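*Asks:* Handing you a structure now.
What follows draws every value from the coordinates through simple rules; no lab data is involved. This structure is a prediction, so every number in the text was calculated from the model and none was measured. Cβ sites come from the backbone with ideal geometry, for glycine too, and all protein chains shown count toward neighbours.
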Amino acid sequence: MSIHAAIITTDCIATIAEPLDCLLDAMLDAQNRVGQITWTTIAFDSAYGTYRDSADHEAPITVVDTSATNELHELVRTWVHP
């Protein structure tokens, strides 16, 4: 089984084009993109944390399995369209 994932920050939403084996792979991809991430919440279909942005401020980051439940899709829609 594979997943599709998205990385969400306050500045952008990036979808990972190729399927991944699990959420951990998406978390590693996010860390490769932004640098060190302090993960504060890791769930079955999402992970939340903070990283240092280009202005050296603490910024939130979320990695989600976009093929997950409708509830998670609603959470993503809420995040994107506040």
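*Asks:* With Cβ to Cβ distances under 12 Å as the rule, what net charge do the other residues near Val63 carry (K, R +1; D, E -1)?
*Replies:* Numbers: positive: Arg33; negative: Asp25, Asp29, Asp45, Asp65.
So the environment of Val63 carries a net charge of -3.
*Asks:* Still on this structure, I have one more. Per-residue HN-Hα couplings for the range 30-40, Karplus 6.51 cos²θ - 1.76 cosθ + 1.60 at θ = phi - 60°, whole Hz, x for Gly and Pro?
*Replies:* Each residue's phi maps through the Karplus curve to give 4, 5, 5, 7, 10, x, 4, 10, 9, 7, 9 Hz.
*Asks:* What nm distance separates the two modelled labels at Ala43 and Thr66, each placed 7 Å from Cα along Cα→Cβ?
*Replies:* 1.9 nm
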